[in-house]
Structure formats: structure tokens, C-alpha cells
1. What distance in nm separates the simple spin-label points at Cys245 and Leu152, each placed 7 Å from Cα in the Cβ direction?
2. Taking the Cα centre of segment 48-234 as origin and charging only Cβ (+1 Lys, Arg; -1 Asp, Glu), how large is the dipole, in debye to the nearest 20?
3. Determine ³J(HN,Hα), in whole Hz, for all residues of segment 47-52 in sequence, where each value follows from phi through the Karplus function 6.51 cos²θ - 1.76 cosθ + 1.60 and θ = phi - 60°; x replaces Gly and Pro.
4. Over segment 48-234, what relative contact order in percent results from Cα pairs under 8 Å that are six or more residues apart?
5. Regarding segment 48-234, what is the average projected area of its C-alpha convex hull, in nm²?
6. Using alpha carbons only, how many angstrom separate the centre of segment 47-105 from the centre of segment 143-160?
7. Quick one: order Ser235, Ser104 by neighbouring beta-carbon count within 10 Å, fewest to most.
8. Would you pull out the residues with amide H under 5 Å of Lys136's amide H, same chain only if 5 or more places away, H placed 1.01 Å from N?
Amino acid sequence: MAIKINRISGHGSRSETGSALIYILIAVALLAALTVSMMEPSSQQSQSQGTSNLVSSIDSQISFINASLSDCVLTHPDQDSSLTATEQKNAPYPINPKDPYFSSSDPVASSTDTVDEIRCPGNPGGDASNRKDHVKLFGGNSGKYLPQPPPLFDPWQYYNGADGVYFMIKTNKTDAYIDTAMTRLDAKYSKCEVDISDRRTGGALTLTSDTVPGDTAAKSCPAQYLCLRYWVKQSATAVALSTGCP
């Protein structure tokens, strides 16, 4: 009996191997495309999260500082009877921390006009000749603690002068999410409540019409900085950045 032997050609194996290689290459290409597509939204999401966090942080700190100032004014409306018209332009709001009025106080005048150094006039009250009746708005005595400024920003600055009362924050960073956050904050507040000056590609911009005690020049938004200013009170002489204000 004859036995028929069927021979199998090797061409089929090579064809199957080639097909499998093509599928592997396609899978690798698809995986790379998927990775890229996943990375892009992640970057956008990160920037969006940074914007939201910055808006929330600045907004909440504005509310906290403003509420603390209001509490000082409402609690001590008689402020400090020793203050003169030169030293106090907007009674009964706190005067500038650097004011020489505090030269004989304990502690003495601050070296900066930062918000964390603000003192509430009239607390604990009276017209003491030693001028010690101004307790810090933030700290252990008040029970209010000012949070750290938002990342990439300098500490809040305070102003009480002929133009009114405001506090301001600034940065010299150029991160993209900062610009988006500033746009959102500018839209959130009225044009006479908040103004924003971007001097990161220009020179300094003068922000006040006067020079307050303790300073050698008018307040400004420095060159290479972006500044956001919140007005607590605005006078007719105010150097406002929005048309129609004050």
C-alpha cells in the first residue's frame, strides 16, 4: 500500500510571521498615539487646576482681609484720638504699618507696609500718650491668622492715604495660568473694586497721588511685575486704572 506524503511549504509560516509583526507595529503606533492623546488633556487639566486654585486662593484672601478690616472699623469706631489729620486720612481704618507714628510704640513701626503688620487703631482703646493702643490685626492677640500668599506671589501690601484704602498683591512670574486667573478675577469684581496692572514687560506704574508717612515715594506697581489691587475705599484723588473710577 502506497503512502502519500503531503509536503507543507515554508511560505505560509513566513507570511504568518510577517502579519504578526505588522499587527505588533500597529499596536505600538496606537499605544503611542493614545499616550500622546492622554498627555495633552492632562497638561491642560493641570493648567486649568492651577488657574482655579489661584483664583480661589486670591478671592478667599481678599474676603478674609476685607472682613478683618471691617471688623476692626466696626469694633473700634472711635479709633485713636491721638492721631492727627496728617497721620490718619481715612478714619477709622488702620494707618500704614510703617508710619513714624509708631516710633515710640512697642513694638516699633514696621519696616514694611505688608498686610500682616496692620494694627487696629483703638484696640484696646483710649488715647494713651505712649501710643500703644494699636494691636496687630492678625496674630495671637486677635485670633486671626493671615494665610501665606498664593504660590509665586509676594505678600499683600497695604495703603491708607489721600487716595483711599487698598491692599495689593504682586508677582513677577509669567506662568500661563496666572494670566488666565487674572482675567477671571478681573471679571469677578466690579471695575472700581479691583484693578490689575501688568508691568512684566514694562516700567513701573505709579499707583497713588501721594507719598504716605514712612515712605520716600508714591506707591507703585514695580517694573517687571503684575499687580492686583483691591479697593476698600476710594477717594476722588485716587489713581484708578479703570475708566470712570472713582
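1. Roughly 2.3 nm, to one decimal.
2. My answer is approximately 340 debye.
3. 5, 5, 5, x, 5, 4
4. Relative contact order comes out at 21 percent.
5. Result: a mean projected hull area of 10.4 nm².
6. 11
7. Ser104, Ser235
8. Here the answer is Cys120, since their amide H atoms fall under 5 Å of that of Lys136.
All of the numbers you see were taken from the coordinates with simple rules; none came from a lab. Worth saying up front: this structure is predicted, and the values here are computed from it rather than measured. Here Cβ is always computed from backbone atoms with ideal geometry, including for glycine, and neighbour counts include all displayed protein chains.
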